[in-house]
Amino acid sequence: MANLENKTIIILSPQSWGKMFLSKHHYAIELARRGNRVYFLNPPEQGREVKGARISIKPSGISENLLLISHSLYFPYDLRFHLPRLFHFLMRFHLKRILSAIGSKPDLVWSFDIGNLYPLQLFGDRTVKIFHPVDEPLNQQAIDAARGADIIFSVTREILAKYDAFPVPKHFINHGVTPDFIHEPVASVNDPDTLRVGISGNLTRSDIDHEVMIRIIQDNPEVIFECWGAVHSKDSNIGSSEDPMVISFAKTLQEAANVILHGVVNSSVLAKEYKRMDAFLICYDVGKDQSKGTNYHKVMEFLGSGKVIVSNNITTYDDADPLLVMSTDRKANSDLPGLFKRVVSRISFYNDVSKQERRIRFAKSNTYDRQVDLIQTKLTEVFHES
């Protein structure tokens, strides 16, 4: 594959298209920007209101080259869990219907699907197949999802190691960031009376360290915590939890005098909002965390603002020039409240212009256009060798 331009590309995503964007959504946008015809395949629709097989292809509203495929199955989705071989046998015919609706065979299938909904072998040998897990593979089906791939990319080396059994090239590619999130450094603030700390992401996740985050918010009443993302499951297109702890956490945030809940906003609005922040907070329970504290998409967006990030331990940034102020404990966040206090009490030091420039420079080196260029280079190496 000489380049990633003017191709027909299908993105396989475990998360639907919606207001909240993750890596797979941003890659789809960047590939469409390069003149590719990109089809973003949502996971199958489910629920009692879904009746019969249906395939719908609609414009994304972002680019005429980016189209969204919504679909429902003509067989029970639950077969996936009880009779996986039968499920994939039937999926073969369902995929043929989807490809027929597209009207052309894809040049490239780019899979972020660790659920193995659409086995890559079903797309044939003439289609180039990328497997790109950005979430921790927690079961055998997540490992099997790589079968048939020509190359594997991931955002952590820990994830790549789990696919050692597959004899194809494997490469670490960090999370990307869009240019909207890249800002110029601002003159260091002089310990303003009111600091604004950003918290972003799906707040309905059960792997947030709810206890520690609430403690930080309550222990710092002089700090305004501004939150972006779904607070209720109905607002999330990227998964949610109805756990009582999650519901209680949402209620506590809503009642806190120093918390502002903005809800779900699009990425361009989010990028502008980040510019107003003095610092950012990331607080996951590594023991429960779906990423196991290895990497998060939001880190790169926060770095683009230049402002300091206080976070639970993230292994991808262990060896980096200190871009984040992180807990050193891989098992608990007991030191995070103290770290947060230290940072906000010396915000001018942590947001010194030179430190901001270092963070912004790192984010600039990981924009999605650069990541796609790097992936294209790796693809060219593979197919020149073959």
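The values are calculated or read from the model by the stated rules, or taken from the named source; none is laboratory data. Just so you know, these numbers come straight off a predicted model, no measurement behind them. Here the Cβ is made from the backbone with ideal geometry for all residues, glycine too, and neighbour counts use every protein chain on show.
Taken over region 179-207, the criterion of being of a type in the set (V, I, T), at pLDDT below 95 and surrounded by 13 or more Cβ atoms within 10 Å (Cβ to Cβ) is satisfied by V186, T204. V50 meets all of the listed conditions (1) at pLDDT below 95; (2) within 17 Å of P14 (Cβ to Cβ) but one, namely (2). Mind checking whether some residue in region 163-170 is in the same structural domain as V128 (by TED's automatic domain parsing), of a type in the set (V, I, T) and either at pLDDT 95 or above or within 24 Å of L253 (Cβ to Cβ) (or both)? Within region 163-170 (the criterion being in the same structural domain as V128 (by TED's automatic domain parsing), of a type in the set (V, I, T) and either at pLDDT 95 or above or within 24 Å of L253 (Cβ to Cβ) (or both)), the answer is yes, since at least one residue qualifies. Taking I62 as the residue in question, decide whether it is farther than 20 Å from F123 by Cα and among the β-branched types (V, I, T). Yes.
Can you name the residue in region 162-172 that is part of a loop (DSSP other than H, G, I, E, B) and surrounded by fewer than 19 Cβ atoms within 10 Å (Cβ to Cβ) and, of all such residues, is nearest to the chain's Cα centre (by Cα)?
Of all residues in region 162-172, those part of a loop (DSSP other than H, G, I, E, B) come to 162-169.
Still in the running and surrounded by fewer than 19 Cβ atoms within 10 Å (Cβ to Cβ): 162, 164-169.
Numbers: K162: 19, D164: 23, A165: 25, F166: 24, P167: 26, V168: 24, P169: 22 Å.
Looking at the filtered set, the residue picked out is K162.
Tally time: how many residues in region 338-362 are hydrophobic (A, V, I, L, M, F, W, C), more than 17 Å from I224 (Cβ to Cβ) and at pLDDT below 95? Show your work before the answer.
Step one: of region 338-362, the residues hydrophobic (A, V, I, L, M, F, W, C) are 339-340, 343-344, 347, 349, 353, 360, 362.
Of the ones still in play, those that are also more than 17 Å from I224 (Cβ to Cβ) are 339, 349, 353, 360, 362.
Restricting the remaining residues to those that are at pLDDT below 95 gives 349, 353.
Within region 338-362, residues that are hydrophobic (A, V, I, L, M, F, W, C), more than 17 Å from I224 (Cβ to Cβ) and at pLDDT below 95 number 2.
Inside region 292-382, counting only helices (runs of 4 or more DSSP H) that do not spill past its ends, which hold 1 or more residues that are closer than 30 Å to P169 by Cβ? First the steps, then the outcome.
Working: elements: 297-305, 336-345, 347-350, 353-364.
Fully inside region 292-382 and qualifying: 297-305, 353-364.
Just one of K307, K341 is within 17 Å of L195 (Cβ to Cβ) and surrounded by fewer than 16 Cβ atoms within 10 Å (Cβ to Cβ); which is it? Exactly one of K307, K341 is within 17 Å of L195 (Cβ to Cβ) and surrounded by fewer than 16 Cβ atoms within 10 Å (Cβ to Cβ), namely K341. For the criterion of being modelled with pLDDT of 95 or more and either in the same structural domain as I159 (by TED's automatic domain parsing) or aromatic (F, W, Y) (or both), I57 passes. Please work out if Q121 is in contact with a strand residue (DSSP E or B) (Cβ under 9 Å, 6 or more places away or on another chain), assigned to a helix (DSSP H, G or I) and not aliphatic (A, V, I, L, M). Here the answer is yes, as Q121 does meet what is asked. Counting only residues that are in contact with a strand residue (DSSP E or B) (Cβ under 8 Å, 6 or more places away or on another chain) and in contact (Cβ under 8 Å) with a residue 40 or more places away in the chain, region 325-358 holds 8 of them. For region 273-291, the criterion of being crowded, with 20+ Cβ neighbours inside 10 Å and part of a helix (DSSP H, G or I) is satisfied by at least one residue.
Got at least one residue in region 146-161 being in a loop (DSSP other than H, G, I, E, B) and surrounded by fewer than 17 Cβ atoms within 10 Å (Cβ to Cβ)? Let's see the steps before the verdict.
Of all residues in region 146-161, those in a loop (DSSP other than H, G, I, E, B) come to 146-150, 155-156.
Next, only the ones that are surrounded by fewer than 17 Cβ atoms within 10 Å (Cβ to Cβ) stay: 147.
Yes; the residues of region 146-161 include at least one that is in a loop (DSSP other than H, G, I, E, B) and surrounded by fewer than 17 Cβ atoms within 10 Å (Cβ to Cβ).
When we screen S365, S386 for residues that are among the polar types (S, T, N, Q), modelled with pLDDT under 95, surrounded by fewer than 13 Cβ atoms within 10 Å (Cβ to Cβ) and under 30 Å from R33 (Cα atoms), the only hit is S386.
Close contacts from region 50-79, counting a first residue that is farther than 26 Å from R34 by Cα and a second that is exposed (fewer than 12 other Cβ atoms within 10 Å of the Cβ) and among the charged types (D, E, K, R), with Cβ to Cβ under 6 Å and a gap of 6+ residues or different chains, come to none at all.
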